[in-house]
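*Asks:* First the structure, which I've put down as structure tokens, then a few questions once you've had a look.
The values are calculated or read from the model by the stated rules, or taken from the named source; none is laboratory data. Just so it is clear, the model here is predicted, and its values are computed rather than measured. Virtual Cβ from ideal backbone geometry, glycine too; neighbours counted across all protein chains shown.
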């Protein structure tokens with residue numbers, strides 16, 4: 001005689017005692033529904049009765065009821081409590097997500113959507129899975145699938161980011177909902193490996209070619225932005241959205257430009273003149289002297305907006321689109337990205353034998369490790385090092401005689 005289930009037990013949910021002694025729960029649609037065309041398959045629900053019950057009551061049995069009523073087995077709620085999508089919604093509403101820059105939030109949202117929309121073998125989106133049913137093995141298999149696009153090309157970097165963000169989201173949701181989110185994070189301790197492609201530094205000669213192409217195309221502001229990135233070592237987003245005319249030669253100190261680094265929250269007063277009055281950035285300063293003030297920001301779009309008839313700030317996506325076009329027009333290597341200008345400026349500083357402290361003072365970096373990341377090793381640096389060693393050996397030889 002079948003064992004009677006306790007009151008409130010979900011329809012079509014079974015339990016099974018595992019070898020470890022723990023009780024696992026499963027949902028299995030009735031055979032008559034499968035024969036009649038119901039496509040949802042049996043599902044493992046984990047070992048937490050409360051989570052398994054919610055999954056059955058709020059998702060699975062509602063799917064079955066909807067199919068019986070309308071022939072529609074779509075989920076009534078993709079963010080039901082305890083699902084992966086529900087966890088993502090908690091993470092995205094938390095300060096851990098909201099406090100990040102817009103660019104980072106867009107990137108995180110993209111990889112989370114990639115995971116949520118991934119189709120399992122039974123056709124279900126990964127996002128509808130109950131958290132209790134996601135094992136470390138399932139996370140490993142998901143990572144392996146996401147590393148390869150549908151066309152067979154590799155996207156390891158995207159897959160690594162996806163698993164990293166999933167791990168963060170799980171920990172954040174666990175702190176907020178410890179009674180629902182399992183303690184074991186299946187995305188933790190994964191063996192993720194990705195060696196990012198090093199940013200190619202853009203040298204001074206390439207900078208001049210790019211600026212010339214920008215001026216010829218009528219995008220003078222982009223040429224100005226490139227020079228700011230190279231000389232004053234400011235990041236793209238800070239140049240096009242934060243650097244204003246008030247920062248350049250402010251009333252209380254007209255001998256400096258105030259360069260804000262939002263990533264490190266550092267405001268650097270970069271000197272414009274040497275002790276003897278010599279301009280330290282003559283190319284850029286003369287360019288700014290000839291630049292009309294078209295708005296609050298130094299770098300504004302060169303053409304009037306067709307609707308508002310005013311000069312608007314650059315949007316990052318459009319700015320990058322124009323940069324790519326100008327790079328091609330200048331005949332530069334496609335790997336010479338806008339971010340490479342900042343790397344090129346740092347590398348120029350290292351070639352000039354600036355100390356780590358001097359580079360940090362100019363770039364706004366907080367650690368020597370970050371300086372080394374931006375300032376690439378060059379033949380000039382190696383030659384200078386060899387020259388110093390030669391001079392040291394020669395000096396010793398002279399003293400020994």
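*Asks:* Can you pull out every residue in the range 29-56 that is within 19 Å of residue 127 (Cβ to Cβ) and over 37 Å from the mean Cα position of the chain (by Cα)?
*Replies:* 39
*Asks:* As an exercise: evaluate residue 207 against (1) loosely packed, with under 14 Cβ neighbours inside 10 Å; (2) touching a residue at least 60 places away in the same chain (Cβ under 8 Å) and give the number of the one condition it does not meet.
*Replies:* Here residue 207 clears every test but (1).
*Asks:* Being more than 21 Å from residue 340 (Cβ to Cβ) and in contact with a helix residue (DSSP H, G or I) (Cβ under 8 Å, 6 or more places away or on another chain) is the requirement here; does residue 258 meet it?
*Replies:* yes
*Asks:* Further question: Among the helices (runs of 4 or more DSSP H) confined wholly to the range 286-401, which include 1 or more residues that are exposed (fewer than 14 other Cβ atoms within 10 Å of the Cβ) and modelled with pLDDT under 95?
*Replies:* Filter on the range 286-401 gives 316-329, 356-363, 368-374, 379-400.
*Asks:* What do you reckon, is residue 189 closer than 28 Å to residue 332 by Cβ and exposed (fewer than 13 other Cβ atoms within 10 Å of the Cβ)?
*Replies:* No; evaluated as a whole, the condition is false for this residue.
*Asks:* Can you tell me how many residues within the range 264-278 are touching a helix residue (DSSP H, G or I) at 6+ places or on another chain (Cβ under 8 Å) and either farther than 25 Å from residue 219 by Cβ or at pLDDT 90 or above (or both)?
*Replies:* Number of matching residues: 2.
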